[in-house]
1. Criterion first (of a type in the set (A, V, I, L, M), over 23 Å from the mean Cα position of the chain (by Cα), farther than 21 Å from Pro190 by Cα and open to solvent by 70 Å² or more (accessible area, probe 1.4 Å)) does Met1 satisfy it?
2. Do any residues in region 77-88 that are more than 13 Å from Leu14 (Cβ to Cβ) have Cβ atoms under 6 Å from those of residues that are of a type in the set (S, T, N, Q) and assigned to a helix (DSSP H, G or I), where the two are at least six apart or on different chains, and which pairs are they?
3. What do you reckon, is Val73 of a type in the set (A, V, I, L, M, F, W, C), open to solvent by less than 10 Å² (accessible area, probe 1.4 Å) and part of a helix (DSSP H, G or I)?
4. Can you name every residue in region 32-51 that is farther than 16 Å from Asp16 by Cα and charged (D, E, K, R)?
5. Being more than 21 Å from Phe166 (Cα to Cα), open to solvent by 20 Å² or more (accessible area, probe 1.4 Å) and at pLDDT 80 or above is the filter here; which residues of region 95-122 pass it?
6. Under 7 Å by Cβ, and 6 or more places apart or on different chains, what pairs join a residue from region 198-210 that is without any contact (Cβ under 8 Å) to a residue 60 or more places away in the chain with one that is exposed (fewer than 12 other Cβ atoms within 10 Å of the Cβ) and not in a helix (DSSP H, G or I)?
7. I'm trying to understand the selection: among the residues of region 150-164, which are exposed (fewer than 14 other Cβ atoms within 10 Å of the Cβ) and out of contact with any helix residue (DSSP H, G or I) (no Cβ under 7 Å at 6 or more places or on another chain)?
8. I'm told Ala78 meets every condition in (1) among the aliphatic types (A, V, I, L, M); (2) at pLDDT 90 or above; (3) surrounded by fewer than 18 Cβ atoms within 10 Å (Cβ to Cβ) except one. Can you identify the failing condition by its number?
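The values are calculated or read from the model by the stated rules, or taken from the named source; none is laboratory data. Remember, predicted model here, so these are calculated numbers, not experimental data. Please note: Cβ atoms are built from the backbone with ideal geometry, for glycine as well, and neighbour counts cover all protein chains shown. Ligands, DNA and RNA are stripped out before the accessible areas are found, and what is left, the full protein with its side chains, is counted by its heavy atoms. Shrake-Rupley method; radii C 1.70, N 1.55, O 1.52, S 1.80 Å.
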Amino acid sequence: MKPIVEYQDYHAFLGDYYEERKRTSAFSWREFSKIAGFVSPSYLKDVCSGKTNLSKVAMGRVAKAIGLVGHEVAYFEAMVQFGNAKTDELKKKFLEQMCSIAFDHKVRVVDKDAFEYYDSWKNPVVRELAPLMPGAMPGEIAKMCTQEVSALEVRKSLAFLERAGFLKQIGENIYVQTEKSVEGSKEGLPLAIRSMHREMGNLAVDSLDRFTANERNVTGVTMGIDRKTYERIVHELDECRKKITAIAEECNVIRQVYRLNLQLFPLSKEVEGKEET
């Protein structure tokens with residue numbers, strides 16, 4: 001079984017623990033629940049299958065029943081609270097705690113790089129700008145950004161991008177992009193990306209006043225649809241994004257960095273009871 005700090009989903013961790021115990025002994029869900037002090041013999045089975053969650057009180061009893069000690073207990077409790085958190089703010093707080101514990105115990109958690117990359121608009125923009133400006137100092141790159149950013153912030157971004165493998169320095173202040181993509185767990189990466197979407201969404205609103213109409217393109221449509229139509233539209237948006245990416249890749253002389261946001265979201269709740277005609 002993997003060390004606990006390699007997990008981000010406590011349901012999966014408990015499931016693997018159960019399977020490992022069952023493989024090496026006559027272990028059952030009833031016994032597992034009994035050891036942890038739960039009346040229902042199927043409670044922990046329901047937790048592992050994702051049908052229910054551990055409470056703050058229950059997570060301590062489960063940690064003790066499993067035999068977790070020291071940093072393992074702290075990591076398990078943070079992982080449970082991460083999994084149960086209802087807001088991105090809380091999820092980020094507990095995932096950062098998990099990453100910190102894992103780092104302290106010499107385990108690399110890829111979500112740390114994902115969060116740092118998506119933590120600010122600066123990293124994606126600097127990753128695009130730096131190769132376009134061979135030999136440029138951080139202050140010169142900062143001046144080319146439409147949003148306010150200091151030379152120190154650009155320097156820190158460059159250092160991170162190089163350390164994480166998103167940029168490679170081939171000469172003094174000369175960078176090229178690597179083929180490395182941002183990777184993370186299925187639990188952590190969507191959270192990191194949502195953080196970036198929020199920030200880029202705010203910049204899109206800001207662009208309405210910051211740039212003239214011939215420098216930015218903002219359009220929208222409000223429409224009534226059903227789930228099937230929604231899925232068709234999402235498919236078309238995916239295909240559109242792929243085509244736009246292909247068009248951008250055909251550009252031989254890059255002069256500027258742009259951001260494209262594709263947004264489709266509900267403005268009402270679903271109206272029940274209306275039959276299709």
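1. Values: of a type in the set (A, V, I, L, M): yes; over 23 Å from the mean Cα position of the chain (by Cα): yes; farther than 21 Å from Pro190 by Cα: yes; open to solvent by 70 Å² or more (accessible area, probe 1.4 Å): yes.
Against the criterion (of a type in the set (A, V, I, L, M), over 23 Å from the mean Cα position of the chain (by Cα), farther than 21 Å from Pro190 by Cα and open to solvent by 70 Å² or more (accessible area, probe 1.4 Å)), Met1 qualifies.
2. Within 6 Å, the pairs are Ala78/Gln97.
3. Working: of a type in the set (A, V, I, L, M, F, W, C): yes; open to solvent by less than 10 Å² (accessible area, probe 1.4 Å): no; part of a helix (DSSP H, G or I): yes.
Considered against the rule, which asks whether it is of a type in the set (A, V, I, L, M, F, W, C), open to solvent by less than 10 Å² (accessible area, probe 1.4 Å) and part of a helix (DSSP H, G or I), Val73 comes out as no.
4. Hits for region 32-51 are Lys34, Lys51.
5. Glu96, Gln97, Ser100, Ile101, listed by residue number.
6. So the pair list comes out as Ala204/Asn261; Leu208/Val218.
7. Narrowing region 150-164 to residues exposed (fewer than 14 other Cβ atoms within 10 Å of the Cβ): 150, 152, 159, 163.
Passing the criteria: Leu152, Ala159, Arg163.
8. The number of the failed condition is (3).
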